[in-house]
Amino acid sequence: MRVVILGGGFCGSMVAKRLDNSGELDVILIDKEPYFEYYPSLPKLTTDPEYHEKIIKRYSTFLEDVEILTEKVVKVTPDNISTTERKIDFDILVISLGADYPIYLDNKKNVFTVSSGEKVKELSKRMEKASDVLIVGGGLIGTEVAAEIASKTEKNVTLVHSHERLIERNPKMASFFAERYLRSKGVRLIFDEKVVDREDDEYVTSEGRRIRSDVCIWSTGLSFDRSLFRGFGDPCFTERNTLKVNNHLQLKDHPNIFVGGDMTDIDEEKTGHNADSHSRVIADNVIRFSKSLSLKTHSNVRIPLFISLGDLNGLISFDPLAIPGPVPVLLKHLLEKAALLRL
Ligand SMILES: Cc1cc2nc3c(=O)[nH]c(=O)nc-3n(C[C@H](O)[C@H](O)[C@H](O)COP(=O)(O)OP(=O)(O)OC[C@H]3O[C@@H](n4cnc5c(N)ncnc54)[C@H](O)[C@@H]3O)c2cc1C
């Protein structure tokens, strides 16, 4: 039986690892990059691009029997998938292509996202010559990036956030500590405004404020591209274009297609931890499905979120509490090592 896994991120790489050497299954992993990349450490690359080498692991070093294709997936249908190079039929499909991080500006020159090592290395290079840095979005990524840059460089950092507090999906206490930290590092914070336009190196907010900046880091959230999918009915998608799954993580109306990670419509934070817990259920269910056994069920387990604020400070956020200090950042560092070591 042929199993095709699309995307080797938090979910896909662990599904591949768990199915490696599984005997009867012929497994193919397709990713546009030849390596797994630990995204939670990307903010660190803004000031230390060399660190990239430490947060990637090549698939060929931890997969023995899985066929690895370094190709871009361009089309997914209920029967086969296409990459830039070929068309592949499958018996079972695992979709774990993660999220997109779109930039909502026409002129994207010197505007970057923190969504892959290569993009952040490009940003870091551009930042060398910059004195003013604008960060758009004060969620998890924007806040961590602002802390990283403000704590390690002399740049003038401005952060514009469309909500009344930073990391607003976290407890108020977490927002308070994050805001206090960023202000202590001289970050200029602008709340309840959106960046809606740009004229040369001036960025215009919804309130008409103009902010000059050499570099802009866009971190306003996730989106999902439905155009990749053909021949799937509307009921497979939510309004946000995430994929609807049942509690066995099967795509609606397509029992031989499993979906994991950020792309699912499950009502939970889109985190590496959740994508990893999907990978466990999916790997088991792929084997069970191939043997016509009953399938395992995914259940949500909330765990604390570790937020880093530079190298020495961070936050543990677990509703309704938030604990600041050096321990969260140390734990986050250990999680990075553990995630790469177990592959
Ligand atoms: C900057 C940043 C910081 C984060 N911090 C944290 C954190 O502190 N804690 C936490 O738990 N989570 C964090 N997250 C979220 C976490 O990384 C994601 O929830 C997780 O990576 C989702 O896993 P996934 O398997 O769904 O997709 P991903 O890990 O995004 O993997 C998707 C894979 O698909 C590949 N791919 C995409 N499109 C194609 C295509 N067309 N063709 C071929 N390959 C393709 C990509 O190369 C990638 O390898 C962070 C994310 C970012 C970007």
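The values are calculated or read from the model by the stated rules, or taken from the named source; none is laboratory data. These figures come from a predicted structure and were not determined experimentally. No Cβ is skipped: glycine too gets one built from the backbone with ideal geometry, and neighbour counts run over all protein chains shown. Surface accessibility is based on the protein's heavy atoms, side chains included, excluding ligands, DNA and RNA. Shrake-Rupley method; radii C 1.70, N 1.55, O 1.52, S 1.80 Å.
If each DSSP helix of 4+ residues adds -39,500 (n - 2.57) and the sum is divided by the residues in the chain, what number results at 222 nm, nearest 500 deg cm²/dmol?
When only DSSP H runs of four or more count, the value is -8000 deg cm²/dmol.
Place a +1 charge on the Cβ of each Lys and Arg in the chain and a -1 charge on the Cβ of each Asp and Glu, then give the dipole magnitude about the Cα centre in debye, rounded to the nearest 20.
For the chain, the charge dipole is close to 480 debye.
Past 26 Å, Cα to Cα: identify those pairs from K32/K129; K87/K125; K121/K332; K54/K270; K75/K121, in the order given.
Among K32/K129; K87/K125; K121/K332; K54/K270; K75/K121, the Cα-Cα distance tops 26 Å for K32/K129; K87/K125; K75/K121.
Any chance you could list P(r) for segment 36-126, counting all Cα-Cα pairs in 10 angstrom bins from zero, rounded to whole %?
Cα pair-distance distribution for segment 36-126, in percent: 13, 32, 35, 18, 2.
Using a 1.4 Å probe on the protein chains only, how many percent of the accessible area of the chain belongs to carbon and sulfur?
Carbon and sulfur together cover 48 percent of it.
So what's the projected area for the chain, the Cα convex hull averaged over all directions, in nm²?
Its Cα hull, projected and averaged over all orientations, spans 17.0 nm².
Measure nothing fancy, just the Cα-based angle from helix 117-127's long axis to the longest principal axis of the chain, in degrees from 0 to 90, nearest 10.
10
Suppose every K and R has +1 on its Cβ and every D and E has -1 on its Cβ; what is the size of the dipole of segment 213-343 about the Cα centre, in Debye to the nearest 20?
That gives segment 213-343 a dipole magnitude of about 580 debye.
For helix 10-19, what angle does its Cα long axis make with the longest principal axis of the chain, in degrees from 0 to 90 and rounded to 10?
So the inclination is approximately 30 degrees.
Using +1 at the C-beta of Lys and Arg and -1 at the C-beta of Asp and Glu, which of M127, I217, V145 has the Cα lying farthest in the positive direction of the dipole of segment 111-221?
Of the listed residues, the answer is V145.
Where does helix 272-290 land angle-wise versus the long Cα axis of the chain, in degrees 0 to 90, nearest 10?
Roughly 10 degrees, rounded to the nearest 10.
Rolling a 1.4 Å sphere over the protein heavy atoms, what is the accessible area per residue of the chain, to the nearest Å²?
47
First check a/c for segment 282-343, with a ≥ b ≥ c the square roots of the eigenvalues of its C-alpha gyration tensor; if it is under 1.5, answer rounded, and if not, answer prolate when a/b is larger than b/c or oblate otherwise.
Judged from the Cα gyration tensor, segment 282-343 comes out oblate (a/c at least 1.5, b/c at or above a/b).
Add +1 for every Lys or Arg and -1 for every Asp or Glu among the other residues with Cβ under 12 Å from the Cβ of N274, and state the total.
Its environment carries a net charge of -2.
Could you order L312, L42 so the one with the most accessible surface comes first? Probe is 1.4 Å.
L312, L42
Where both partners of a DSSP beta bridge lie in the chain, what percent of those bridges are antiparallel, to the nearest 5?
Roughly 50 percent of the beta bridges in the chain run antiparallel, per DSSP.
For segment 198-303, what is the Kirkwood hydrodynamic radius in Å, using each pair of distinct C-alpha atoms?
Mean inverse Cα-Cα distance, inverted, gives 16.5 Å.
Please name whichever of V286, P324, G310 sits farthest to the positive end of the charge dipole of the chain, dipole taken about the Cα centre and charges placed at Cβ: Lys and Arg +1, Asp and Glu -1.
The Cα lying farthest towards the positive end belongs to P324.
About its Cα centre, what dipole magnitude does segment 231-297 give when the only charges are +1 on Lys and Arg Cβ and -1 on Asp and Glu Cβ, stated in debye to the nearest 20?
So the magnitude is around 360 debye.
Which cross-chain or sequence-distant (5 or more) residues have an amide H under 5 Å from the amide H of K75, H modelled 1.01 Å from N in plane?
Amide H to amide H, under 5 Å and 5 or more residues apart or across chains, K75 pairs with S82.
Going Cα to Cα from K155, which aspartates and glutamates come in below 19 Å? Please leave out same-chain ones fewer than 8 positions away.
D48, E122, E128, D132, E144, E179, D201, E202, D214, D311
Restricting to segment 111-221, what percent of DSSP beta bridges are antiparallel, rounded to 5?
The antiparallel proportion sits near 30 percent.
Which lysines does K291 reach when only Cα atoms under 25 Å apart count, and residues fewer than 8 places away in its own chain are ignored?
Counting by Cα, and skipping residues close in sequence, K291 has these lysines nearby: K17, K244, K252.
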